[in-house]
Amino acid sequence: MSERTLVLVKPDGVERGLVGEVIARIERKGLKLAALELRTADRATAEQHYAEHDGKSFYNDLVDFITGGPLVALVVEGTRAIPAFRQLAGGTDPVEKATPGTIRGDFGLEVQYNLVHGSDSAESAEREIKIWFPNL
Ligand code: DAT
Ligand code: MG
């Protein structure tokens, strides 16, 4: 069954010129792009997006980072799109958890600068797509 997930190429990924690399991997996997936009997130959008992490030690740095430069927001669609993109992304820590062959495992070194976001469940995907693409 086809489903949708919210993907971000975070500001570090845009700065490093990895937008094409990420999109190529999404497309090679067989997933489709349903929406794509380059934008700089305002604080309210970032705080909504990362609401589950409010109060954690890294929360303020995370919001500063995600609002610190342009990012690319995408809606990605296909069979099992939610876990399929999480598989492409790799684990949260690019060295300790993400294996080579994944986006984070191949290109990342630090947890904060882990290049991409992907929704972690159907509920998160629905919530996050509404935040970034309210008209979709
Ligand atoms: P994921 O992005 O893999 O879903 P998450 O939802 O647990 O991971 O955390 C959201 C982001 O917050 C993550 O991509 C990077 C940052 N982050 C998570 N844990 C962190 C930590 N211990 N120190 C610094 N940043 C962290
Ligand atoms: Mg998460």
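So ARG16 fits all but one of (1) within 15 Å of ligand 1 (Cβ to nearest atom); (2) basic (Lys, Arg); (3) in contact (Cβ under 8 Å) with a residue 40 or more places away in the chain; (4) over 27 Å from LEU136 (Cα atoms); what number is the exception?
(1) is the only condition that ARG16 fails.
Which is more than 13 Å from the chain's Cα centre (by Cα), at pLDDT 95 or above and surrounded by fewer than 17 Cβ atoms within 10 Å (Cβ to Cβ), of GLY78, GLY55?
The unique qualifying residue is GLY55.
Can you go through LEU115, LEU109 and tell me which one is touching a Gly at 6+ places or on another chain (Cβ under 6 Å) and under 14 Å from GLY13 (Cβ atoms)? Steps first, please.
Values: LEU109 fails: touching a Gly at 6+ places or on another chain (Cβ under 6 Å).
Step by step, each of LEU115, LEU109 is checked, and only LEU115 is touching a Gly at 6+ places or on another chain (Cβ under 6 Å) and under 14 Å from GLY13 (Cβ atoms).
Which of the residues that make up region 93-107 are within 19 Å of PHE58 (Cα to Cα) and either exposed (fewer than 14 other Cβ atoms within 10 Å of the Cβ) or touching a residue at least 24 places away in the same chain (Cβ under 8 Å) (or both)?
Residues of region 93-107 within 19 Å of PHE58 (Cα to Cα): 93-97, 104.
The answer is VAL95, GLU96.
Exactly one of (1) surrounded by fewer than 18 Cβ atoms within 10 Å (Cβ to Cβ); (2) within 15 Å of ligand 1 (Cβ to nearest atom) is unmet by PRO70. Its number?
Against the list (1) surrounded by fewer than 18 Cβ atoms within 10 Å (Cβ to Cβ); (2) within 15 Å of ligand 1 (Cβ to nearest atom), PRO70 comes up short only on (2).
Those residues that are within 20 Å of VAL7 (Cβ to Cβ), in contact with an Asp or Glu (Cβ under 8 Å, 6 or more places away or on another chain) and not β-branched (Val, Ile, Thr), I need them from region 39-64; list them, please.
GLU47, HIS49
The values are calculated or read from the model by the stated rules, or taken from the named source; none is laboratory data. Predicted, not measured: the structure shown is a model, and the values here were computed from it. Neighbour counts are summed over all protein chains in view; Cβ atoms, including those assigned to glycine, are modelled from backbone coordinates with ideal geometry.
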